[in-house]
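Asks: So that we are looking at the same thing, I have put the structure below in structure tokens.
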Amino acid sequence: MELTPIGWILLPLAIVSYWLAPHILYPLAIFFLPFSATAVANLGSPDSASGIQASMLFGALWIARELPARGLFPSLHCKHELRRPLCQLGLFVCIVLLSLLVPIWINGHVVIESPELGDSGSAPLQFTGRHITQTLYLIYGVLFTSFVAFRNSDSQEFGRSIRIFIASAVFVSLWGWFQFACWTLNLEYPAFIFNTSQTESALGYTQEIQSLGFKRISSVATEPSMFAQCMLIASVLALFMVVNPRPLFSRNWDRLALAIILGGLLISTSTTAYVGLAGIAVLYLLSLVHLGILRARYVLPLLALMGVSYVAYTTVSPITDIVQSMIVEKGESYSALERVNSVLLARDYFVQYPILGLGWGSVTSHDLVFKLLSNTGIGGLVAFSLFLTTSLVRLWRSAHTGRRPDLLKTLWPVCLLTTMLILILTNVAGDFAFTYGHAWFVFGLAICVPVLNQRSKTREVSLQDFNPRPGAGG
């Protein structure tokens with residue numbers, strides 16, 4: 001194990017916090033969620049290194065601290081409302097564990113082809129350490145979702161979590177602008193500060209659009225698409241933040257945070273960012289209609305941004321070239337063909353082993369559906385789909401409180417419903433981000449929001465009491 005420069009700071013901080021200040025472990029875990037390329041330490045050889053993410057370090061210590069005191073199902077009065085989606089996640093984990101018997105049973109009798117187009121290599125399927133590490137990533141994510149849901153079943157904690165994540169997104173976006181400035185001014189980018197993971201997939205800061213000579217922006221994330229996925233989530237939260245009658249920080253700071261995050265997405269040169277922003281625009285307008293707050297002051301800035309983007313696309317040749325390369329011609333690119341090839345191979349493996357797939361961690365597929373089918377079979381896809389469906393239905397019902405919706409009660413259910421849909425969209429079109437904490441964080445919030453909304457009927461502290469700052473402004 002090799003500690004990274006930032007690891008010499010974060011690892012002692014994590015150890016000291018665990019014993020002397022455990023209350024800061026959760027905020028640090030949330031703040032470092034977008035820092036997927038920030039490794040505290042790198043394990044293995046340089047050719048096959050694996051980085052320990054900073055968020056996972058703090059999150060694991062937080063869970064370890066909470067688990068003995070509360071147990072897997074803490075004795076909270078809200079646990080009944082949380083039981084169904086969490087049990088469905090538990091069922092998914094059980095199917096994943098059961099699927100690990102498949103590579104043991106096959107023991108080399110199935111050959112796994114490389115999904116890379118230029119690599120004709122193949123290897124017999126056997127149970128290896130990769131199956132264990134991939135399963136541990138998943139178990140950690142499910143535990144993280146569970147404890148995020150339990151903790152945020154309090155309105156003040158919910159508000160605190162949103163603030164920390166937005167603050168982190170602002171910093172990460174600004175660091176993306178710093179990376180952009182380094183490239184523009186021909187300065188050396190200090191990757192040794194935050195881009196410390198030696199994993200091959202975490203070297204996104206080195207990527208460029210070769211045909212144009214543009215550096216791609218990944219900030220502190222493993223690659224531009226993962227940077228975009230995190231910032232898309234933050235942008236949805238920030239968009240609903242600016243229409244909230246009770247500001248998250250203040251009116252001006254909320255708007256500034258939104259502008260910085262959107263700016264980071266626009267310079268990311270990520271197809272995920274641009275397609276995701278289009279999806280967010282549609283869902284956001286529909287959400288404003290449902291909430292009954294479709295006002296000019298909310299719609300006109302969005303239309304202005306779209307108009308400026310279109311003018312820039314049609315008149316500024318570098319922007320035109322980037323959009324052409326990352327969206328119009330994306331389907332013909334090498335990376336797109338490689339993704340399609342991985343999905344087709346995964347489909348073939350699923351057809352051969354439809355019940356449990358080839359075992360969790362056996363097949364690489366750059367999508368969500370065939371990733372689950374090829375690795376866990378029909379059983380895994382059904383279990384995970386049940387969890388997603390339950391979470392979405394609960395949010396949908398929570399967002400419908402009558403003919404005249406109460407904005408304070410319906411805004412956050414609608415917000416998390418939109419966030420979930422964007423997260424699912426980016427995972428279906430791209431990789432299933434189960435090794436990254438932001439997806440499990442969203443799942444945890446999505447589970448607990450209906451619980452908070454339900455409390456208004458029993459006159460408990462609810463979303464109506466979230467962020468009680470009636471005098472906040474700017």
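Asks: Which members of the stretch 182-200 meet the condition of being touching a strand residue (DSSP E or B) at 6+ places or on another chain (Cβ under 8 Å) and part of a helix (DSSP H, G or I)? Show your work before the answer.
Replies: Quick first cut of the stretch 182-200, residues touching a strand residue (DSSP E or B) at 6+ places or on another chain (Cβ under 8 Å) only: 183, 196-199.
Selection gives TRP183 alone.
Asks: What's the number of the condition PRO115 fails, among (1) touching a helix residue (DSSP H, G or I) at 6+ places or on another chain (Cβ under 8 Å); (2) assigned to a helix (DSSP H, G or I); (3) open to solvent by less than 40 Å² (accessible area, probe 1.4 Å)?
Replies: Only one criterion in (1) touching a helix residue (DSSP H, G or I) at 6+ places or on another chain (Cβ under 8 Å); (2) assigned to a helix (DSSP H, G or I); (3) open to solvent by less than 40 Å² (accessible area, probe 1.4 Å) is unmet by PRO115, namely (2).
Asks: Looking at the stretch 150-188 only, could you name the residues that are at pLDDT below 95, within 30 Å of PRO450 (Cα to Cα) and aromatic (Phe, Trp, Tyr)?
Replies: PHE150, PHE158
Asks: If you check SER225 against the conditions, is it outside any loop (DSSP other than H, G, I, E, B) and either touching a Ser or Thr at 6+ places or on another chain (Cβ under 6 Å) or open to solvent by less than 10 Å² (accessible area, probe 1.4 Å) (or both)?
Replies: Values: outside any loop (DSSP other than H, G, I, E, B): yes; either touching a Ser or Thr at 6+ places or on another chain (Cβ under 6 Å) or open to solvent by less than 10 Å² (accessible area, probe 1.4 Å) (or both): yes.
The answer is yes for SER225.
Asks: With the structure loaded, tell me whether VAL236 is assigned to a helix (DSSP H, G or I), under 14 Å from SER36 (Cα atoms) and aliphatic (A, V, I, L, M) or whether it fails that test. Full working, then the answer.
Replies: Working: assigned to a helix (DSSP H, G or I): yes; under 14 Å from SER36 (Cα atoms): no; aliphatic (A, V, I, L, M): yes.
Here the answer is no, as VAL236 does not meet what is asked.
Asks: Just checking, which of PHE180, PHE227, PHE192 is in contact with a helix residue (DSSP H, G or I) (Cβ under 8 Å, 6 or more places away or on another chain) and among the aromatic types (Phe, Trp, Tyr)?
Replies: On the way: PHE180 fails: in contact with a helix residue (DSSP H, G or I) (Cβ under 8 Å, 6 or more places away or on another chain); PHE192 fails: in contact with a helix residue (DSSP H, G or I) (Cβ under 8 Å, 6 or more places away or on another chain).
Of PHE180, PHE227, PHE192, the one residue that is in contact with a helix residue (DSSP H, G or I) (Cβ under 8 Å, 6 or more places away or on another chain) and among the aromatic types (Phe, Trp, Tyr) is PHE227.
Asks: Taking the residues in the stretch 4-50 that are touching a Leu at 6+ places or on another chain (Cβ under 7 Å) and open to solvent by 20 Å² or more (accessible area, probe 1.4 Å) as candidates, determine which candidate is farthest from ALA433 (Cα to Cα).
Replies: Checking each candidate, the answer is TYR18.
Asks: When the residues of the stretch 357-376 are filtered to those that are open to solvent by less than 10 Å² (accessible area, probe 1.4 Å) and not hydrophobic (A, V, I, L, M, F, W, C), which remaining residue is nearest to the chain's Cα centre (by Cα)? Lay out the reasoning, then the answer.
Replies: Residues of the stretch 357-376 that are open to solvent by less than 10 Å² (accessible area, probe 1.4 Å), as a first pass: 357-361, 363, 365, 372, 374-376.
Then drop every residue that is not not hydrophobic (A, V, I, L, M, F, W, C), which leaves 357, 359, 361, 365, 374-376.
Details: GLY357: 25, GLY359: 24, GLY361: 19, SER365: 18, SER374: 22, ASN375: 21, THR376: 21 Å.
Of everything passing the filter in the stretch 357-376, SER365 is nearest to the chain's Cα centre (by Cα).
Asks: Just for the stretch 40-61: of the residues that are among the small types (Gly, Ala, Ser) and modelled with pLDDT of 95 or more, which one is nearest to PHE194 (Cα to Cα)? Talk me through it step by step, then tell me what you get.
Replies: Kept after step one, since they are among the small types (Gly, Ala, Ser), are these residues of the stretch 40-61: 41, 44-45, 48-51, 54-55, 59-60.
Restricting the remaining residues to those that are modelled with pLDDT of 95 or more gives 54-55, 59-60.
Working: ALA54: 10, SER55: 13, GLY59: 18, ALA60: 20 Å.
Among those residues, the one meeting the criterion is ALA54.
Asks: Moving to a separate point now. With the requirement that a residue be of a type outside the set (A, V, I, L, M, F, W, C), assigned to a helix (DSSP H, G or I), open to solvent by 30 Å² or more (accessible area, probe 1.4 Å) and over 26 Å from ARG84 (Cβ atoms), what does the stretch 121-159 give you?
Replies: GLY129, ARG130, THR133
Asks: Kindly indicate the residue of the stretch 82-93 that is open to solvent by 70 Å² or more (accessible area, probe 1.4 Å) and touching a residue at least 40 places away in the same chain (Cβ under 8 Å) and also farthest from ASN152 (Cα to Cα) among those meeting that condition.
Replies: Checking each candidate, the answer is LEU91.
To keep it simple, each residue is scored yes or no on (1) at pLDDT 90 or above; (2) aliphatic (A, V, I, L, M).
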position	(1), (2)
PHE387	yes, no
THR390	yes, no
HIS400	no, no
ILE424	yes, yes
ALA433	no, yes
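Asks: Go through (1) farther than 25 Å from PHE144 by Cβ; (2) assigned to a helix (DSSP H, G or I) and name the single condition LEU395 misses.
Replies: Failing condition for LEU395: (1).
Asks: For the condition surrounded by fewer than 22 Cβ atoms within 10 Å (Cβ to Cβ) and in contact (Cβ under 8 Å) with a residue 24 or more places away in the chain, what is the one hit in SER250, SER235? First the steps, then the outcome.
Replies: Numbers: SER235 fails: surrounded by fewer than 22 Cβ atoms within 10 Å (Cβ to Cβ).
Being surrounded by fewer than 22 Cβ atoms within 10 Å (Cβ to Cβ) and in contact (Cβ under 8 Å) with a residue 24 or more places away in the chain holds for just one of SER250, SER235, which is SER250.
Asks: Same structure, new question: Give the residue, chosen from VAL382, VAL428, that is without any contact (Cβ under 8 Å) to a residue 24 or more places away in the chain, open to solvent by 10 Å² or more (accessible area, probe 1.4 Å) and either of a type outside the set (Ser, Thr, Tyr) or assigned to a helix (DSSP H, G or I) (or both).
Replies: Values: VAL428 fails: without any contact (Cβ under 8 Å) to a residue 24 or more places away in the chain.
None of the other options fit; the residue is VAL382.
Asks: I'd like the full set of residues that are open to solvent by 10 Å² or more (accessible area, probe 1.4 Å), among the aliphatic types (A, V, I, L, M) and closer than 17 Å to PHE441 by Cβ, limited to the stretch 160-188.
Replies: Listed by number, the residues that qualify are ILE164, ALA167, VAL170.
Asks: Taking PRO245 and the conditions (1) in contact with a Ser or Thr (Cβ under 9 Å, 6 or more places away or on another chain); (2) open to solvent by 40 Å² or more (accessible area, probe 1.4 Å); (3) within 14 Å of CYS415 (Cβ to Cβ), which numbered condition does it fall short on, given that it satisfies the others?
Replies: (1)
Asks: For SER270, which of the numbered conditions (1) under 26 Å from the mean Cα position of the chain (by Cα); (2) over 20 Å from GLY176 (Cα atoms); (3) modelled with pLDDT under 90 fails to hold?
Replies: In the conditions (1) under 26 Å from the mean Cα position of the chain (by Cα); (2) over 20 Å from GLY176 (Cα atoms); (3) modelled with pLDDT under 90, SER270 misses (2) alone.
The values are calculated or read from the model by the stated rules, or taken from the named source; none is laboratory data. Quick caveat, the model's predicted, so the values are computed rather than measured. Cβ atoms come from the backbone with ideal geometry, glycine included; neighbour counts cover every protein chain shown. Calculation scope for accessible area: heavy atoms of the full protein, side chains included, ligands and nucleic acids excluded. Shrake-Rupley method; radii C 1.70, N 1.55, O 1.52, S 1.80 Å.
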